[in-house]
Structures are given as C-alpha cells and as structure tokens.
Amino acid sequence: MSPEVWLPLAFILGYLLGSIPFGVVLTTVAGTQDLRSIGSGNIGATNVLRTGRKGLAAATLIGDMLKGTVAVMIAGYFGGADAAILGALGAFLGHLFPVWLKFNGGKGVATYIGVLIGLFWPAAVMFCLIWLATAVTTRYSSLSALVAAFVTPLFLWWFGHPALASLFVVLTLLLFWKHSENIKRLQAGTEGRIGAR
C-alpha cells in the first residue's frame, strides 16, 4: 500500500484511537459514579481524580497519552511523516470529539502530550517541564497546560520542525478553546488551585 493511500487511513485510525474515552471506560469498569456527572463533567484524568481513585486517574492519564502516541507511531510506520501528522491530528480530534460520547470529549492535554511523544519527544519533555514549573509557581493546572501549549509550536519551529509547528498551532488553538471556561475563571480569580479543598 502506497504512503499516499495511508494518509486518509492514518487520520481515521488516529480518530478512532483518540476517541477511546479511557476515563469513562475505566471508571465504569471500576463501578464508580458516572464520570460525567461529577466535578467538571470532563472525561479526563483530572476529573477522574475527583472520584478519589488515584490509580484510575493515573491509568486514564497514561491511556489518553498512549492512544496519541500509538496513533502517530502506527501511521508513521506505514505512511511516513505526513501520515504521522494526520494520525496525530485525528487522535487529538478524536479525544476532543469522540463519536461514542456524542462528540463531547475531553480537553486534550494528555493526548496533546502523547502525540508530541510520538512526533518529537524532546518537545514532550519541554511541555512537561514547563507544566511542572508553572504548576509549582501558580498551583493552577489549567494555566500550566495553557502556558506549556503556547510555547510548544515555538519550540518546534525553533528546532527546525515547521510542519509540526504548524500542526501544533492548530492543536494549541483547539486546546485553548476547550479551556475557555478555565480561562474565564482564571481571569475572575475563581479557578481552583492544585491541592485546594
């Protein structure tokens, strides 16, 4: 199969992998309350943590990351660099808009990191370091993700990856959009801090 044929397949594969709602699946299997009915109603690891099940939250984080990484690696292996980029886009959109949950998905931070790992892992390390530094300084998880995502396209461009930088401009804009309520709370000073009761 030629690399060109793999391009649409890479996007579809990425979307299907990205749309697996690990938070919902794991909490359902564990018999906890419906994840979408507690806290923020989000399907990501942060909201899973509100169930009091740290192990489930960690498993959700890892699953949401790895589905992005796996999508990129499979697409790249069979279709090359362009297919890997489309697989990454598909995985991220799948997490944000999963068909299984009526297109109402998560905010995308873990999957963002996962596709970074698959495409250019030093950028994923940079993202995590900036997230950690911002979180320690401000104790805002959402702000930490936004700052790290803002820097990511600049980092990729600086290190000579213009195609990846362009992709992550799009992913970053989507991530900011999904965090619009968090941004409003940050501006109002009502956003919850890490560790706050």
Inset, instruction - Using the structure shown, decide if Thr134 is open to solvent by less than 10 Å² (accessible area, probe 1.4 Å) and of a type in the set (Ser, Thr, Tyr). - result: no
Legend entry - Residue ID - nearest to Trp100 (Cα to Cα), chosen from residues in segment 1-19 that are open to solvent by 60 Å² or more (accessible area, probe 1.4 Å) and modelled with pLDDT of 90 or more: Leu16
Inset, instruction - Keeping to segment 97-117, report how many residues are farther than 17 Å from Ser142 by Cβ and modelled with pLDDT of 90 or more. - result: 8
Legend entry - Selected residue (criterion: most open to solvent (accessible area, probe 1.4 Å)) from residues of segment 84-105 that are farther than 17 Å from Leu171 by Cβ and part of a helix (DSSP H, G or I): Trp100
Legend entry - Given (1) farther than 10 Å from Gly23 by Cα; (2) of a type outside the set (Val, Ile, Thr); (3) touching a Gly at 6+ places or on another chain (Cβ under 6 Å), number of the condition Asp82 does not satisfy: (3)
Legend entry - Within segment 42-79, tally of residues that are open to solvent by 60 Å² or more (accessible area, probe 1.4 Å), in a helix (DSSP H, G or I), of a type outside the set (Val, Ile, Thr) and out of contact with any Phe, Trp or Tyr (no Cβ under 8 Å at 6 or more places or on another chain): 6
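The values are calculated or read from the model by the stated rules, or taken from the named source; none is laboratory data. Model, not experiment: these values are computed from the prediction. Don't worry about glycine lacking a Cβ; one is built from the backbone with ideal geometry, like all the others, and counts go over all protein chains shown. Just the protein is used for accessible areas: all its heavy atoms, side chains included, with ligands, DNA and RNA removed. Shrake-Rupley method; radii C 1.70, N 1.55, O 1.52, S 1.80 Å.
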